[in-house]
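Following: one structure in structure tokens, then a few remarks.
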Amino acid sequence: MNRSSFLGAGIATNLGTGMADNLAGLHEPLRPPSSLERRLDGRDLRIPCKPLRGFPVARPAVRLLRVIEVVVDEALREAGLRPSEQRRMALCVGSSSFDICVSEELYREELARGGDVLPLRSSSFGNLAESIRSRFGLQGEDYTFNTACTASANGLGYAARLIHAGFVDHALVLGVELVNDLTALGFHALGLLSASDMKPFDPARDGLVLGEACSALVLGRGEDGRFSWRGDANMCDTTSMVAAHTDGSTVSAVIERALSDARLVPSAITAVKAHGTATPLNDEAEAAGLLRAFEAVPPVCALKPFIGHTLGACGLTELILFYRAIESGFLIATPTIGADPSASGVVLNQTERPITRGNFVLNSFGFGGNNTSVVISRN
């Protein structure tokens with residue numbers, strides 16, 4: 001089988017910057033979220049958030065480009081491509097908000113000057129891709145994905161298929177999400193934010209915590225013991241704008257289609273990385289889908305208690321954390337969170353299990369009903 005292997009990765013999250021800091025953070029007790037302080041209609045709001053560590057809040061434009069530069073550089077250095085290979089590779093960027101934080105900053109500056117603040121600067125979906133191409137000398141085609149929380153997962157799948165089809169030899173996938181008022185106040189208005197920590201599949205779950213992340217992955221040909229993309233599926237669920245069907249039918253359908261694409265049966269799956277937003281309806285739908293898709297549900301883990309919900313960046317960011325943890329010999333655990341099966345029928349992994357290889361399903365489900373499951377393998 002012609003697979004797309006993972007050649008190099010870079011990452012920045014609330015756990016730290018770089019693979020070493022992030023893997024170390026997965027062994028540590030969960031850090032409580034910080035608070036974004038905002039004022040709306042005369043009220044002071046405190047919005048829970050897990051911001052990037054190592055990138056102090058400064059001018060958004062400078063911060064955004066700096067974290068992308070650091071993360072992409074880490075991935076490219078680890079991949080070790082020749083300059084000619086790097087120039088030719090494709091670029092796939094996935095995000096929910098792209099550079100909206102920059103537009104908001106410019107809006108506030110213009111407002112303070114008393115100027116015409118009605119026209120906002122264009123947050124073109126192509127801005128970030130153009131910046132990355134220029135900074136790293138990339139000359140291949142670029143593609144941008146804006147499918148809510150599945151954006152970077154869909155970017156990964158498209159990059160892998162470009163390689164599989166022989167259109168390119170290598171691809172760089174980027175997922176990025178930095179905090180902005182539009183997103184933060186939107187989730188506040190929807191009443192989906194937690195008053196404490198994220199607790200996926202737990203009886204005490206009460207919502208999500210927003211997270212910042214930037215992640216990058218270089219893909220190329222080969223099956224030399226590395227982790228590789230094996231297959232995926234993307235489907236749209238029109239049940240609701242904000243949740244999958246709670247009977248699990250649409251979740252199980254996308255998992256089953258991904259397994260078919262990977263030419264695997266459910267019993268061949270070693271573990272599952274859940275989307276796990278800790279919101280009542282989404283967890284209910286995902287749990288029901290897992291119970292429908294698997295006769296015996298494999299061990300399940302969740303990453304959002306560690307890094308928050310990083311929205312468009314979560315698919316790629318959580319995939320990188322997941323596969324690097326397996327390469328390091330363990331399946332991620334969230335002690336005490338999601339330990340009670342009575343809540344949903346699904347239990348999260350409670351202690352780190354020694355696993356170094358196998359076949360794995362990784363779920364990402366987004367607003368608007370865009371659902372994606374990715375299958376990766378290390379054999």
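The values are calculated or read from the model by the stated rules, or taken from the named source; none is laboratory data. Every value quoted in this text rests on a predicted model; they were computed, and no experiment measured them. FYI the Cβ positions are ideal-geometry reconstructions off the backbone, even for glycines, and counts take in every protein chain you see. All accessible areas refer to the heavy atoms of the entire protein, side chains included, with ligands and DNA or RNA removed. Shrake-Rupley method; radii C 1.70, N 1.55, O 1.52, S 1.80 Å.
A few comments on the model shown:
- Qualifying positions in segment 206-232 - open to solvent by 10 Å² or more (accessible area, probe 1.4 Å) and more than 17 Å from the chain's Cα centre (by Cα): 206, 221, 222, 223, 224, 225, 226, 230
- Any hit, segment 107-129, residues being in contact with a Leu (Cβ under 9 Å, 6 or more places away or on another chain), modelled with pLDDT under 90 and hydroxyl-bearing (Ser, Thr, Tyr): yes
- Scanning segment 7-41 for residues that are in contact with a Gly (Cβ under 9 Å, 6 or more places away or on another chain), more than 29 Å from residue 135 (Cβ to Cβ) and crowded, with 19+ Cβ neighbours inside 10 Å yields one hit, 33.
- Tally, over segment 153-178, of residues that are part of a helix (DSSP H, G or I) and either among the hydrophobic types (A, V, I, L, M, F, W, C) or crowded, with 22+ Cβ neighbours inside 10 Å (or both): 9
- Screening residue 300 against (1) over 26 Å from residue 196 (Cα atoms); (2) open to solvent by less than 20 Å² (accessible area, probe 1.4 Å); (3) touching a Lys or Arg at 6+ places or on another chain (Cβ under 9 Å) leaves a single unmet condition, (1).
- Some residue of segment 42-52 being assigned to a strand (DSSP E or B), at pLDDT 95 or above, crowded, with 16+ Cβ neighbours inside 10 Å and on the phi > 0 side of the Ramachandran plot: no
- In summary, residue 344 fulfils each of the numbered conditions (1) under 28 Å from residue 236 (Cα atoms); (2) under 20 Å from the mean Cα position of the chain (by Cα); (3) open to solvent by 10 Å² or more (accessible area, probe 1.4 Å) with the single exception of condition (2).
- Of all the residues in segment 251-291, those that are among the hydroxyl-bearing types (Ser, Thr, Tyr) and more than 18 Å from the chain's Cα centre (by Cα) number 4.
- Scanning segment 88-95 turns up no residue that is open to solvent by 10 Å² or more (accessible area, probe 1.4 Å) and not basic (Lys, Arg).
Each row is one residue, and each column tells you yes or no for (1) buried (at least 23 other Cβ atoms within 10 Å of the Cβ); (2) of a type outside the set (Ser, Thr, Tyr); (3) out of contact with any helix residue (DSSP H, G or I) (no Cβ under 9 Å at 6 or more places or on another chain); (4) under 20 Å from residue 208 (Cα atoms).
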| site | (1), (2), (3), (4) |
| --- | --- |
| 260 | no, no, yes, no |
| 280 | no, yes, yes, yes |
| 295 | no, yes, no, no |
| 312 | yes, yes, no, yes |
| 324 | no, yes, no, no |
| 333 | no, yes, yes, yes |
| 336 | no, no, yes, yes |
| 357 | no, yes, no, no |
| 364 | yes, no, no, yes |
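- Which numbered condition residue 269 fails, given (1) open to solvent by 10 Å² or more (accessible area, probe 1.4 Å); (2) touching a helix residue (DSSP H, G or I) at 6+ places or on another chain (Cβ under 7 Å); (3) aliphatic (A, V, I, L, M): (2)
- Note on segment 96-111: residues that are crowded, with 21+ Cβ neighbours inside 10 Å and without any contact (Cβ under 8 Å) to a residue 24 or more places away in the chain amount to 0.
- Those helices (runs of 4 or more DSSP H) lying entirely in segment 261-379 with at least 3 residues touching a strand residue (DSSP E or B) at 6+ places or on another chain (Cβ under 6 Å) and either modelled with pLDDT of 95 or more or not polar (S, T, N, Q) (or both): 314-327
- The single condition from (1) of a type in the set (D, E, K, R); (2) in contact with a helix residue (DSSP H, G or I) (Cβ under 7 Å, 6 or more places away or on another chain); (3) closer than 28 Å to residue 365 by Cβ that residue 53 fails is (2).
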